[in-house]
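For reference, the structure discussed in these notes is given below.
Readers should treat all values here as calculations from the given coordinates under stated rules, not as data from a laboratory. As the structure is a prediction and not an experimental result, all values here were calculated from the model. Ideal geometry is used to build each Cβ from the backbone, glycine not excepted, and the neighbour counts take in all protein chains shown.
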Amino acid sequence: MGALCKWMIAAGLGIAVSTATFGADKAALLQRLHNAAESSSIDDSALKPWHLKLTFQLFDSKGAPTEEGTIEEWWSAGNYKRVYTSPSYTATEIRQDKALYRTAGQTSAPYLLDLLRDEVVHPLANDAEMNDSVPDLRVQSFGKVKLDCVMLDHPIKNVAYPPLGLFPTYCLDQDKDRLRVSFRYGSENVIRNAIGTFQGRGVPVDTVVSLNGVTAAKAHVAMLAGTTPGEHFFDPDSSLQLQNAGLVRIGAGVIAGAKISGAVPIYPIEDKQSHTSGSVHMHAVIGTDGHIHHLSVIDTPSPTLALSALAAVRQWVYKPYLLNGLPCSIETTITVNYNFGPG
């Protein structure tokens, strides 16, 4: 395991079976999250250069194993080189002095691979996302283990008490600010089953991602150690192409016409029974691969409609948006309409 050491094997975590809600000082909750981010992120200028190798296993929608691969990264003072290797996606990506280069003709890494990498390198939201939210503490039970789960709430009309996971949620050990579990999109959860220490930061040895209660991906830290990159290590070669930087804002109507495929949202039975209808508006970031990389609710007629929309839209695929002939990541608004009618 190289320089990743001082193993602390976590208790097995299962489906949450009970929840209690407690008031808490919002500033104190934000500080806990900032502390957790600082103690679990290794892409920090205060750290020495490192070399990471992850092995991963992906699964299909029924939980059956599909393909295996590796993610390898070298990092130094904000520059990095990543090499993704798998049957369906192989690419090299370099960030040097804020410029991004990638294997010519290749899109950004698939969402699950990015997520597995982020859970090791920078698992919590950035400072701006935390500070713009209203943190909400709930004590959640995972089998016999109780964790402090903090959700980054945003006010939504008609929703006084959003369900856990509607917004990004981070569950910490009750006796320390150590991240163990996270929830997103109402249907995605990430469990950090074992925590090791590297340069004073907590790093998960094994990570499990579940979608709709079914295992979707697993990752294992095969190696994490200090390194000394050469002077020209992060220089891109001729096989890499300069990528469009930043996000491009695209109107909802334009992106709606670029949708290729996706699940149809299910009208929740409780909303049908209560004759609740209307539109769920979501802010989305779509990667150069055409997949949803970030999704958040702007407004909704009810929490259950929001969860239904999130579960469906996160599976939608779009035609990559081109800028100057190159695919670019975009941000946009996606609307799902729920119209109550007969039947």
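Summary of packing: across the peptides 167-173, 33-39, the per-residue average of other C-beta atoms within 10 Å ranks them, highest first, as 167-173, 33-39.
A cut-off of 5 Å between modelled amide H atoms, ignoring neighbours fewer than 5 places along the same chain, links GLU67 with LEU58. Calculate the length of the line joining the C-alpha centroid of region 249-322 to that of region 48-72, in whole Å. Measuring centre to centre over Cα atoms gives 27 Å.
Across region 50-63, rounded Karplus estimates of 3J(HN,Hα) from the backbone phi angles (6.51 cos²θ - 1.76 cosθ + 1.60, θ = phi - 60°) give 9, 10, 10, 10, 10, 9, 9, 10, 9, 10, 8, 5, 9, x Hz, Gly and Pro being marked x.
Considering every pair of different Cα atoms, what Kirkwood radius, in Å, is found for region 246-338? Result for region 246-338, one decimal place: 13.6 Å. Each Cα pair under 8 Å and six or more residues apart adds its separation to the average, and for the chain the resulting relative contact order is 20 percent. Rounded to the nearest whole angstrom, the semi-axes of the ellipsoid equivalent to the chain, taken from the Cα gyration tensor as √(5λ), stand at 32, 27, 18, largest first. Bridge orientation summary for the chain: considering DSSP beta bridges with both residues in this region, about 95 percent are antiparallel. Counting only DSSP H runs of at least 4 residues, each contributing -39500 (n - 2.57), and dividing by the residue count of the chain, the helix-based mean residue ellipticity at 222 nm comes to -4000 deg cm²/dmol. Phi angles of region 228-235 translate, via the Karplus equation with coefficients 6.51, -1.76, 1.60 and θ = phi - 60°, into HN-Hα couplings of 10, x, x, 4, 10, 4, 9, 6 Hz per residue; Gly and Pro are given as x.
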